[in-house]
C-alpha cells in the first residue's frame, strides 16, 4: 500500500524524518506545511519534492492532498492542534515528542485517535536503536535476574539556538524524556513516583531547566536514577547517556555507544561465600546479537512500527496511549522539581 504523507513542521528535525521516509518505497510526501511558508518551499526544493503541495495552512493542504498520514514535527505548543486536525480529517499521525503539553491534553488526543479508529504514535526513537533492543532482550530473558535499579548519566553541552534555548524545563521535556522512555523499555515496567530537582549552572545558555536529577520508583520497587545536564562541555557522554542496570544475579553497563558488558555471580557449590571473601566471584555474560528481524534504526524503526500498526490494526510500540506513561514521568518530575515534593505518578 502506498501511503500519502503530509509533513507539518519543516525545521531542522524534519531532515531526519524525511531521510527515514526516503528509505521506504511505500511513502510519498504529498504536502509540506510550515507557519513560515518559505521554509516549506525551501524544503520542497532541497528534497526534490516538486509535486508536493506547499502551504502554511494545514487544513487547506490536507484538503488539497487527501493524505492518509501526517508527520507532526512542530514545536510542542502547536502539537495538540496539529494532531487533532489530522485525526479529524481521517489521518494516522506520527508525532515528535513530547506528545502533549499536559496529561489531560494527552489523554484527549489518545481518546480522539481511539474514536477515529486511527493510530497516533510518538517518536520515542531510542527504543529502536540496536543496543537498547539487545539490552532489553537480555534483561527480559532473566539473565541478570530481576532488575533492582537502573541508572543513566547524561552530560552534553549543545548550543542549539532557537526555541530550545528559550523553553522552560528544557532538559526534562526535550531530552530526558528519551531516557525515561528507555527506562520503561529496559525494565518492562512503569514508574509510580518521583523526586526531582532542576538547576541552571552559572554558565548556562538556556532559559531554564538545563540540568536535572530525578529518582523514580518503578512499579516493582526498583529505582531508576537520572542525572543530566545540557551545560556540560568536555568529557561528554553519548546522546544516549551512560547506563548501568543492576539485577539480582549481576549487572550490565552500556557506554551509550556500542559497548555493552555484563557480569553475573558465579554461585558456589554450597551457595555460600568462602570464608574471608568479601565479594562473590563473577563471570562475563555474553550479550546476544539482535534477531535479524528486530525493528531498529531510530526514526526509521519508529516509522516501521508505525506503518506496521496501520497495516495490522495492532497498536504500535510507542502508541500514544502507551506513551502516556512516559509523558507522566516527565511532567511528574517537573512538578517535583517545582514543589520540592515526591510526586505520585498517575496516567
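The values are calculated or read from the model by the stated rules, or taken from the named source; none is laboratory data. Source: prediction; values computed, not measured. Backbone-built Cβ (ideal geometry, glycine too); neighbour counts: all protein chains shown.
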### Summary
For segment 156-184, the count of residues that are surrounded by fewer than 20 Cβ atoms within 10 Å (Cβ to Cβ) and under 17 Å from residue 345 (Cβ atoms) equals 0
## Note on the structure
residue 318 vs (1) modelled with pLDDT of 95 or more; (2) buried (at least 20 other Cβ atoms within 10 Å of the Cβ); (3) closer than 23 Å to residue 170 by Cβ: all pass except (1)
### Given (1) assigned by TED's automatic domain parsing to the domain that holds residue 334; (2) touching a strand residue (DSSP E or B) at 6+ places or on another chain (Cβ under 7 Å), number of the condition residue 91 does not satisfy
(1)
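Have a look at 122, 74, 83 and point out the one that is free of Cβ contacts under 8 Å to residues at least 60 places away in the same chain and in contact with a strand residue (DSSP E or B) (Cβ under 7 Å, 6 or more places away or on another chain).
Numbers: 122 fails: free of Cβ contacts under 8 Å to residues at least 60 places away in the same chain; 74 fails: free of Cβ contacts under 8 Å to residues at least 60 places away in the same chain.
83 is the lone residue from the list that is free of Cβ contacts under 8 Å to residues at least 60 places away in the same chain and in contact with a strand residue (DSSP E or B) (Cβ under 7 Å, 6 or more places away or on another chain).
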### Summary
How many residues of segment 111-148 are under 30 Å from residue 61 (Cβ atoms) and either at pLDDT 95 or above or surrounded by fewer than 22 Cβ atoms within 10 Å (Cβ to Cβ) (or both)? The answer is 12
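Restricting to strands (runs of 3 or more DSSP E) lying wholly in segment 145-229: which have 2 or more residues that are assigned by TED's automatic domain parsing to the domain that holds residue 257, in contact with a strand residue (DSSP E or B) (Cβ under 7 Å, 6 or more places away or on another chain) and free of Cβ contacts under 8 Å to residues at least 60 places away in the same chain?
On the way: elements: 147-155, 191-199, 211-218, 223-229.
Once the strands (runs of 3 or more DSSP E) in segment 145-229 are filtered for at least 2 residues that are assigned by TED's automatic domain parsing to the domain that holds residue 257, in contact with a strand residue (DSSP E or B) (Cβ under 7 Å, 6 or more places away or on another chain) and free of Cβ contacts under 8 Å to residues at least 60 places away in the same chain, what remains is 211-218.
Would you mind stating whether residue 327 is modelled with pLDDT of 90 or more and either touching a helix residue (DSSP H, G or I) at 6+ places or on another chain (Cβ under 9 Å) or surrounded by 16 or more Cβ atoms within 10 Å (Cβ to Cβ) (or both)? Steps first, please.
Values: modelled with pLDDT of 90 or more: yes; either touching a helix residue (DSSP H, G or I) at 6+ places or on another chain (Cβ under 9 Å) or surrounded by 16 or more Cβ atoms within 10 Å (Cβ to Cβ) (or both): yes.
It is true that residue 327 is modelled with pLDDT of 90 or more and either touching a helix residue (DSSP H, G or I) at 6+ places or on another chain (Cβ under 9 Å) or surrounded by 16 or more Cβ atoms within 10 Å (Cβ to Cβ) (or both).
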